[in-house]
Amino acid sequence: MNDLDSKVFFPELRFPEFQLLGGWQYTNANKLFKQVSNKNHNSDLPILAITQEYGAIPRELIDYNVTATEKSIKSYKVVDVGDFIISLRSFQGGIEYSTYKGICSPAYVVLRKTEGVNEEFFKHYFKTKRFIRDLTKNLEGLRDGKMISYKQFSEVFLPCPKPEEQKKVANFLSSLDGLIQSEIAKCDSLKMHKKGLEHKLFAKKAALPELRFAEFDGMWEESTVGQIATVKSGGTPNRSNSEYWEGDIPWVSTTLINFNLINEVNEFITKTGLDNSSAKIFPANTILMAMYGQGKTRGQVAKLGMDASINQACAALTLNKEVSTDFVYHSLAASYEEIRSISNDGGQKNLSATLIKKIPFYYPDVKTGEQQKISDCLSSVEKLILLQEEKVEALKSYKKGFVQKIFPSREEEYA
């Protein structure tokens, strides 16, 4: 018998009706979850992608472009609703839960609860840092490509309160999740509203926008980005020279460009690094565009909230007096998809200063106030989005605090 079999642990936060039931016992994971390897299926079942973000989900729902041969599918395992799956990333993000019936790669370990186990309770527990620490503490050197086995999972001790308390905890945490998802949906709705406004408030192939404030009329000026701004890129000091880095000059890379105001950076360079590279300092309020980068980065724009240097993958737009910074920023954000389509052909589709200068650009006379009116409208929606995002983060933090207190701590084991 392991020492934990005779120990009980008390959660810091507990529902009143369970206060007199004593502490929570812990037991080996294999007493609560059995490994299943059912390969008796037909091709009608959806192939599940096992993800940290969505759990187990049909591949077609998240555009998961990995093909499987008919022969290989025969060896796939059946996953029932309520099953858990150990994935290649479980050492980082815990164990995934399935709300779908489907099949998954035979590389995964499928777990099914035993009698008296509330799967919703463990759906929450299996994603906690406490469980992930327990799961990986004896797996030194585990990295991508190495699966946690059922035997290794079996050696983990899991909390096992009474079924009624499991259900109460699960319902409470699930209700918080529901509230968070509701607020995320509101945030997404605001973002969609903003995107719709952007497409209608800016002229594209005609010199008039689809949607216009009543007090303005007349045609917009037809131009290009190169005619209303100078376009320059930066550079990266030699990373092998320590005298070039850890200085006091903010240095921006494309990873920071995401339709945002950049007020913080991850890296700083020195004056010596600036002088001995192509890096350049641009003033606050400069518009930046990512010329290349991973995933969706290319074509995204941002504004500098401070003076900063940039690397060679960023394009800095210095505007003339005919246009306002906010108007250009919102206009380029609205043209994101069109901008990505003009990228250079080749192995990597990148933008360049030459291509950016050729981007069509339409604008009303700055003196009429229409540019400012459009910018103020979109900025007001952005503020609503920011407030909603802050609300979502506050709820996530609220839930995190409950999770830390509602599951017992066993810190003495790690002393």
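Observations
- Matching entry among Ser174, Ser189, Ser182, Ser149 (being closer than 28 Å to Tyr125 by Cα, without any contact (Cβ under 8 Å) to a residue 40 or more places away in the chain and outside the structural domain of Ala333 (by the TED database)): Ser182
- Taking the criterion of being exposed (fewer than 15 other Cβ atoms within 10 Å of the Cβ) and either free of Cβ contacts under 8 Å to residues at least 40 places away in the same chain or within 18 Å of Ala185 (Cα to Cα) (or both), the residues of segment 352-368 that qualify are Thr354, Lys367.
- Residues of segment 92-125 satisfying the condition of being crowded, with 19+ Cβ neighbours inside 10 Å and within 20 Å of the chain's Cα centre (by Cα): Gly94, Ile95, Glu96, Tyr97, His124
- Any hit, segment 194-203, residues being modelled with pLDDT under 95, exposed (fewer than 12 other Cβ atoms within 10 Å of the Cβ) and not in a helix (DSSP H, G or I): no
- Failed condition for Leu332, given (1) hydrophobic (A, V, I, L, M, F, W, C); (2) over 30 Å from Lys271 (Cα atoms); (3) modelled with pLDDT under 95: (3)
- If you filter segment 90-127 down to residues that are in a loop (DSSP other than H, G, I, E, B) and touching a helix residue (DSSP H, G or I) at 6+ places or on another chain (Cβ under 6 Å), you find that the one that is nearest to Tyr76 (Cα to Cα) is Gly94.
- Failed condition for Asp217, given (1) assigned to a helix (DSSP H, G or I); (2) among the charged types (D, E, K, R); (3) more than 25 Å from the chain's Cα centre (by Cα): (1)
- The number of residues in segment 238-255 being touching a residue at least 12 places away in the same chain (Cβ under 8 Å), over 19 Å from Thr297 (Cβ atoms) and part of a loop (DSSP other than H, G, I, E, B) comes to 2.
- Taken together, the criteria place Glu60 among residues that are over 27 Å from Lys129 (Cα atoms), under 20 Å from the mean Cα position of the chain (by Cα), touching a residue at least 12 places away in the same chain (Cβ under 8 Å) and in the same structural domain as Ile148 (by the TED database).
- Flag if Lys373 is crowded, with 16+ Cβ neighbours inside 10 Å, of a type in the set (D, E, K, R) and over 30 Å from Lys200 (Cβ atoms): no
- For Arg340, the conditions (1) at pLDDT 95 or above; (2) assigned to a helix (DSSP H, G or I) all hold with the exception of (1).
- Val36 meets the conditions (1) among the β-branched types (Val, Ile, Thr); (2) out of contact with any helix residue (DSSP H, G or I) (no Cβ under 9 Å at 6 or more places or on another chain); (3) free of Cβ contacts under 8 Å to residues at least 60 places away in the same chain in every case but one. The failed one is (3).
- Residue-level check: of (1) farther than 23 Å from Arg410 by Cα; (2) among the β-branched types (Val, Ile, Thr); (3) in a loop (DSSP other than H, G, I, E, B), Val78 misses just (3).
- Number of residues in segment 256-306 that are in a strand (DSSP E or B) and within 30 Å of Lys195 (Cα to Cα) equals 12.
- Scope segment 145-165; condition touching a Pro at 6+ places or on another chain (Cβ under 9 Å) and in a helix (DSSP H, G or I); matching residues: none
The values are calculated or read from the model by the stated rules, or taken from the named source; none is laboratory data. All of these numbers come straight from a predicted model, not from anything done at the bench. FYI the Cβ positions are ideal-geometry reconstructions off the backbone, even for glycines, and counts take in every protein chain you see.
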